[in-house]
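We did not get these values from a lab; they are worked out from the coordinates using the rules stated. For clarity, every value in this text was computed on a predicted model and none was experimentally measured. Positions of Cβ are backbone-derived with ideal geometry, glycine not excepted, and every protein chain shown enters the neighbour counts.
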Amino acid sequence: MNLHSASVSASTVLIKYYFLARPRRFGKSLFLSTLRYFFEGQRSLFKGLYIDSTNWDWEAYPVLHLDLNRSKYEEKGILEGVLENQFREWCA
């Protein structure tokens, strides 16, 4: 699996990101949605699964989800606009 991770820390702030590259139709969206709901603490979605029987605290963590499939990037500047709008939404 091509999984690259990096972390940046400054005093009390820790930022960690992951890049997941897989072939088309390989379940990337499902996997990322599963991680999103897991880290948002939505335990009810995991009832009956192994993770539900562990000692995980199910605390909700902030999750920033970026979907670049929202637009067709046919013109210069569209990507910058999409990213700017997403960052504004996260900061609101």
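Straight-line reach from residue 28: taking Cα to Cα under 23 Å and skipping same-chain neighbours fewer than 8 places apart, the lysines in range are 16, 47, 72. According to the square roots a ≥ b ≥ c of the eigenvalues of the Cα gyration tensor, what is the shape class of region 14-59, taking rounded for a/c under 1.5, prolate for a/b larger than b/c otherwise, and oblate for the remainder? Verdict is oblate for region 14-59.
Annotation: amide H of residue 41 within the under-5 Å range of 61, sequence separation 5 or more or interchain, hydrogens built in the peptide plane. Placing pseudo-labels 7 Å out from each Cα toward the beta carbon at residue 20 and residue 82 gives an inter-label distance of 1.8 nm.
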